[in-house]
Amino acid sequence: GGEGRAETVTVVQTKPALAFSVVASPDPVRPGGQINYVMTVVNRGGADLTGVKLRQVMPAYMVEIPGFGGPWESWSGNDNYLNSGDIVTWNLGTLPAGQSRSVVLGVRLASGTSAPPNSTTIASSAEVSSSSGVGTSASTSVIVNASPALVLTIQADRSSAMPGETLTYTLSYGNPVS
């Protein structure tokens, strides 16, 4: 007789799986203050992702990116003004399986007559994609607090006094500008 032979082949197919988060701080933010966005991309899958791109849509009331000339690949406005709806894009390249990458972007909120009204929600969204078609999106928001911030200081006219001597105190108050 003949010998029977059986082979079992198991094919394991691993797919990249993205996790993505966007966090904004501070919350609340004052007019003229800087909002820092931290965007983190995690490849939770078993295969490397290539051609990873991150895009963040600028919300309303943003006026500038301090230190313009950052590590992004492009900025859709390209008119030296930051406009609502402009898209900042980063090319993150290859993201190995099990690895993460974070991007930080600071943008300045309008102030003065262009400032958003108190309690305005500043919402921002971002998306991450790869050349393999795997992608996801996330969003975050902060609240504008334009309420005055009272600062009060007290100062004596000298650092020490003898019993019975008069000390003069000066109270100073104000509403500091952001």
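The values are calculated or read from the model by the stated rules, or taken from the named source; none is laboratory data. Owing to the predicted nature of the structure, the values given are computational and were not obtained by experimental measurement. Methodologically, a virtual Cβ is constructed for each residue, glycine included, from the backbone with ideal geometry; neighbour enumeration extends over all protein chains shown. Keep in mind that these areas ignore ligands, DNA and RNA; they rest on the heavy atoms of the full protein, side chains included. Shrake-Rupley method; radii C 1.70, N 1.55, O 1.52, S 1.80 Å.
For segment 138-155, what are the residues that are farther than 30 Å from residue 21 by Cβ and at pLDDT 85 or above?
154, 155, listed by residue number.
Report yes if some residue within segment 12-23 is modelled with pLDDT under 90 and of a type in the set (Lys, Arg); otherwise report no.
yes
Hey, can you tell me all the residues within segment 47-95 that are in a loop (DSSP other than H, G, I, E, B), of a type outside the set (Asp, Glu), open to solvent by 50 Å² or more (accessible area, probe 1.4 Å) and modelled with pLDDT of 85 or more?
61
List the residue pairs whose Cβ atoms are under 6 Å apart, where the first residue sits in segment 135-155 and is farther than 20 Å from residue 24 by Cα, the second is small (Gly, Ala, Ser) and open to solvent by less than 50 Å² (accessible area, probe 1.4 Å), and the two are 6 or more positions apart or on different chains.
135/129; 151/174
Filter segment 149-164 for residues that are exposed (fewer than 10 other Cβ atoms within 10 Å of the Cβ) and within 30 Å of residue 118 (Cβ to Cβ) and give the result.
If the condition is that a residue be exposed (fewer than 10 other Cβ atoms within 10 Å of the Cβ) and within 30 Å of residue 118 (Cβ to Cβ), then 150, 152, 153, 154 are the ones that fit.
Of everything in segment 101-138, what is closer than 16 Å to residue 82 by Cβ and either part of a loop (DSSP other than H, G, I, E, B) or touching a helix residue (DSSP H, G or I) at 6+ places or on another chain (Cβ under 8 Å) (or both)? Give them in sequence order.
Passing the criteria: 110, 111, 115, 116.
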